[in-house]
Structures are given as C-alpha cells and as structure tokens.
Amino acid sequence: MEQKILIIDDDKIMRVTLEDALKAQGFSVLACENGNDGMESFGEGEFALVITDVRLPDMNGLDILKLMRDKEGEILVIVMTAFGTIKDAVEAMKIGAFDYLTKPFSLDEFIYTVKRALEVKTLKEENIRLRRDLSDCYSYPNIIGESAAIMKIFKMIDKVVLTDSTVLILGENGTGKELIATTIHYQSKRRNQPMIKVNCAAFPEHLVESELFGYEKGAFTGAAQRKPGRFERADKGSIFLDEIGDLPLSVQVKLLRVLQDGSLERLGGTEEMKVDVRVIAATNRNLEEEMKEGRFREDLYYRLNVIPVHMPSLKERNEDVPLLIDHFLGIYNCRFGKRIAISSDAVAALMGYDFPGNIRELGNIVERCVTLSTDETITPDELPPHILKKQEGQPAAVTLNEVSADAEKAHIIRILKSTRVNKTKAAELLGISRKSLWEKIKAYGIES
Ligand SMILES: Nc1ncnc2c1ncn2[C@@H]1O[C@H](COP(=O)(O)OP(=O)(O)OP(=O)(O)O)[C@@H](O)[C@H]1O
Ligand SMILES: [Mg+2]
C-alpha cells in the first residue's frame, strides 16, 4: 500500500520541491501551506509521516506536533528548523519528534531521513505485532489444568499482572515456573517491553555480575568495550532471574540494591544508573534452608518474597494428567505430522506414576511415545518400563532394608505358625533370644 505523507511549509518553492522529490520515490503526498490547513488534512487522512516546518505564519510547528500527538498518540513527525535554531530542534525531539532537518538540507539527506523514519515505524509495528502474538501464546488457555491447585495459581496471576511487585516462583523441577513467569510478563502492562531471562546457575560466579549489571570498557582484562547488562536491557520491562537460589553471595548484595531503589552501577563504573524493571525470580531450592546454611541473604529473601507463588507438583494435581496428555499429544502429533491417540489404560498407568520431573517429564514421555509409536493408539506396553513397573505391583523404590524387613517378618510368621506360637521353640529355631523375638513381634505388629 502506498504510504501517505503530509508536508506543512509556507515556503512555496520548498513545499513543491519536497513534494516532487517524495512523489518521485513513489509516496503519495499532500502539501499544506499553513498550520490550520495542515491540522485539517491531518484529521482527514491516515498519514504514515508528517513533515512540518517550525516557523509557520499561523502556528508553531512544535504546537502542531503536540496537537497531533494528543489526537493520534504515536505519530511519526520530522521537524524542519531554520539554520541556527538548534533550540527548536532539541525541543521538538523532547516532545516526541522522530527527527529534525536543519535548513538548508540536500534532497538526498531529506529522502534518507524520510525512509529511515518509515523503516523504524515499520519495525516498531512489526515488533508490537510479534509481541502481541507472544502474549497470545502466553495466555491462560496455554497453561493446562483445571485442578484446584492450578486454579489458585490462575487467581494469583490475575492479581499479580496488575502490579509491578516482585514475584518469587517456587516449585520442583518442571512444574512450569518459567511458563508462569513468562505469562505474568506477557499479561502485564509491560508486555510491549522486553522480557529478559537470566539463568543464574548458567554462568560461572565471576561472570554473573557482569551479565546482570554490565561493565565499562577496561573494567577487567578482556573488557574491550562497554557492555550493558541484562538489567539495563530489561528497562521498562521485566527480568526473569531463574535459579535465583544459585546466585553467588557476592552478587546478592548488588541485586538487593536494584530491588530496593532500581539503582545499579556497571562493573568498573562510577556512575549510578536507574532502571525500571519488574523482577520475577524462580528457584527449585528451598530458600529458607539456603538462608540457614548462610548461602542466601536474609534481606534479599524478604525483598524477593513479596508475592510468593508456589507451583504445585504434578502429584498434587494428578487430575490434570489426562488434560496434559491431550495437550502434549496435540503438540507432538502436529510436530511429527501424526494422528496418534492414547488408550485409557495407558492414561491410567500414567496417572499412577509419581512424575519426579513433573510436567516436563510427562511432556517428554508423550513425545517419546508419539515418535516411536507405529500404530494409532499408545498402549501401556509402549510406555517407558519404569512407569509400568509400578502398575504391575512392583514398588518403584524399595530400599534393601525394607526388603529384608519384609522377608524377616514373613519368616517369623511362618516359624510361629509351625510351632503353634510356641515362642521359646520359635526363638530357638530362629537362632535368637526370646527377648529379641518378643521385640520383633511387637515392632512388626505380628499378632500372636
Ligand atoms: N500447566 C502447563 N500446561 C502446559 N504446559 C506446561 C504447563 N506447565 C509446564 N508446562 C510445560 O512443561 C515444560 C516445563 O515447564 P517450565 O520450563 O516452565 O518448568 P520449570 O519449573 O521452569 O522447570 P525447571 O525447574 O526444570 O527449570 C515446558 O515445556 C512448559 O511449557
Ligand atoms: Mg525453569
């Protein structure tokens, strides 16, 4: 579609020259000679860009800019100022002009500035569209579950997205901590700003600090140029500090400061910076335990723990297993171009399993079954053997002690029966004293 540009300039030669130059580039142009006409035309058409002179007979170009912004919000404006009036240019940029051109300028310069402005506009729109798509992905329909436990989480998110408060997400591996963190960002009013993710456990201790806070040129060997940290990149948006329990103590103090008043310094820097970042942290560690052990600062814990969100384990929301199976079947059937279903006894077998790896483990199991399955329905014998074991009545994890205790109890009962509960005889046959037999009978709860 042809892009429309509005020019406002009282200088006729200038107006016509610019109009012709833009038309030659394939733009549709409307040129006005004063502010009133300009504002009127602006109200009538959808312009991709407005180019206005500052000094107009009836109005000031800066007022035009303000009026247009009031009307349209985001509007792309390039201001033309006379030579020597840099103050106007600065003022124009302050109130939201995209760029300015100082007269006299060449037509090349003019066209270049116009094209660049339109390019940035397209990129911005594209970005907003992409972000909008992302916020669709991270909406509740993509968080599967109808159990009371997950409903509680939904309710929590509803409240949390309206605030800027720090959120601490706790829960076992694979319970969906990152999914919830991402959802919070994309449902919050910061959704069109960046969400930066940092896995605190993924960096060696000496690198975490520079990753988070950035560094100045020469801050350490190898710091060839200044690098902004992740907090700076997350400005106006959110930062997701994953595995916060693994953050080295030395960095915890600095984090505390950002949480307190949004201030930080780059490594090797002296200048204090302010950032406006919403912090969402997650860990599968028990932070209270970490505090007791002296590995996590108490003050940081309380700053982080403003809104704690406890992700339930899959065991605590067993009734969601069938829903999640369906969800993952949909994903992997689509990915592998298959149409595989699952039998009800296979679902039952999965419901009887504990899922130490929670939803991630369930997702992996379904992926594996869909990939390997040769017929249309997944049956129990296609599930990984460790899941079936439990189904067949073989305890998944029994210690050697438990096994020998069971055997001992069974043997004592057998001997007692064979001696018609003659404890002296039984003790003799078992090779133990009467007293220890009596203790074992009590301990195992054997009725005699
Ligand atoms: N309720 C849910 N509905 C659908 N998919 C989910 C749900 N919860 C988690 N998942 C999926 O399970 C996988 C693991 O989730 P996620 O990475 O958010 O867990 P985590 O708690 O951060 O795990 P870890 O502690 O191992 O880092 C992801 O693929 C995620 O999309
Ligand atoms: Mg995670």
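The values are calculated or read from the model by the stated rules, or taken from the named source; none is laboratory data. Every value quoted in this text rests on a predicted model; they were computed, and no experiment measured them. Backbone-built Cβ (ideal geometry, glycine too); neighbour counts: all protein chains shown. The accessibility values were calculated without ligands, DNA or RNA, using every heavy atom of the protein model including side chains. Shrake-Rupley method; radii C 1.70, N 1.55, O 1.52, S 1.80 Å.
A quick yes/no check of all residues on (1) surrounded by fewer than 16 Cβ atoms within 10 Å (Cβ to Cβ); (2) out of contact with any Leu (no Cβ under 7 Å at 6 or more places or on another chain):
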{"site": "Leu162", "(1), (2)": "yes, yes"}
{"site": "Thr183", "(1), (2)": "no, yes"}
{"site": "Gln193", "(1), (2)": "no, yes"}
{"site": "Phe213", "(1), (2)": "no, no"}
_Here is a list: Lys197, Lys177, Lys189. Which entry is open to solvent by 70 Å² or more (accessible area, probe 1.4 Å) and more than 23 Å from Glu265 (Cβ to Cβ)?_
Lys189
*Residue list for the stretch 91-110, restricted to those being more than 44 Å from the chain's Cα centre (by Cα) and either open to solvent by 70 Å² or more (accessible area, probe 1.4 Å) or under 19 Å from Ala48 (Cβ atoms) (or both)*: Pro104, Leu107
*Residue in the stretch 161-197 that is nearest to ligand 1 (Cβ to nearest atom), counting only those that are of a type in the set (Gly, Ala, Ser) and over 18 Å from Leu304 (Cα atoms)*: Gly176
*Spot the failing condition for Phe154; the list is (1) assigned by TED's automatic domain parsing to the domain that holds Val251; (2) in contact (Cβ under 8 Å) with a residue 24 or more places away in the chain; (3) away from ligand 2 (no atom under 16 Å from the Cβ), and only one is missed.*
(2)
*Any chance the stretch 278-285 includes a residue that's more than 16 Å from ligand 2 (Cβ to nearest atom) and open to solvent by 50 Å² or more (accessible area, probe 1.4 Å)?*
no
*When you look at Ser250, is it open to solvent by 40 Å² or more (accessible area, probe 1.4 Å) and assigned to a helix (DSSP H, G or I), yes or no?*
yes
_Here are the criteria: (1) part of a helix (DSSP H, G or I); (2) away from ligand 2 (no atom under 16 Å from the Cβ); (3) farther than 17 Å from Ile150 by Cα. Tell me which single one Lys338 does not satisfy._
(1)
*When only residues in the stretch 258-270 that are exposed (fewer than 15 other Cβ atoms within 10 Å of the Cβ) and in a helix (DSSP H, G or I) count, which is farthest from ligand 2 (Cβ to nearest atom)?*
Asp261
*asked:* Step by step: first the residues of the stretch 230-247, then only those that are part of a loop (DSSP other than H, G, I, E, B) and open to solvent by 10 Å² or more (accessible area, probe 1.4 Å), then the one that is nearest to ligand 1 (Cβ to nearest atom). Which residue is that?
replied: Glu243
*Arg285 being closer than 27 Å to Asn173 by Cβ and either charged (D, E, K, R) or in contact with a Cys (Cβ under 7 Å, 6 or more places away or on another chain) (or both)*: yes
*Residue check for Ala201: touching a Leu at 6+ places or on another chain (Cβ under 9 Å), aliphatic (A, V, I, L, M) and assigned to a loop (DSSP other than H, G, I, E, B)*: no
*What is the one condition in (1) away from ligand 1 (no atom under 12 Å from the Cβ); (2) in contact with a helix residue (DSSP H, G or I) (Cβ under 9 Å, 6 or more places away or on another chain); (3) among the small types (Gly, Ala, Ser) that Ala117 does not satisfy?*
(2)
*Taking Met273, is it within 16 Å of ligand 2 (Cβ to nearest atom) and touching a residue at least 40 places away in the same chain (Cβ under 8 Å)?*
no
*Could you pull out the residue among Ile325, Ile331, Ile359 that is of a type in the set (Val, Ile, Thr), surrounded by 13 or more Cβ atoms within 10 Å (Cβ to Cβ) and free of Cβ contacts under 8 Å to residues at least 40 places away in the same chain?*
Ile331
*Select, from Asp70, Asp58, Asp20, Asp37, the only residue that is free of Cβ contacts under 8 Å to residues at least 40 places away in the same chain and under 43 Å from the mean Cα position of the chain (by Cα).*
Asp70
*Is there a residue in the stretch 10-30 that is at pLDDT 90 or above, in contact with a strand residue (DSSP E or B) (Cβ under 8 Å, 6 or more places away or on another chain), part of a helix (DSSP H, G or I) and among the hydroxyl-bearing types (Ser, Thr, Tyr)?*
no
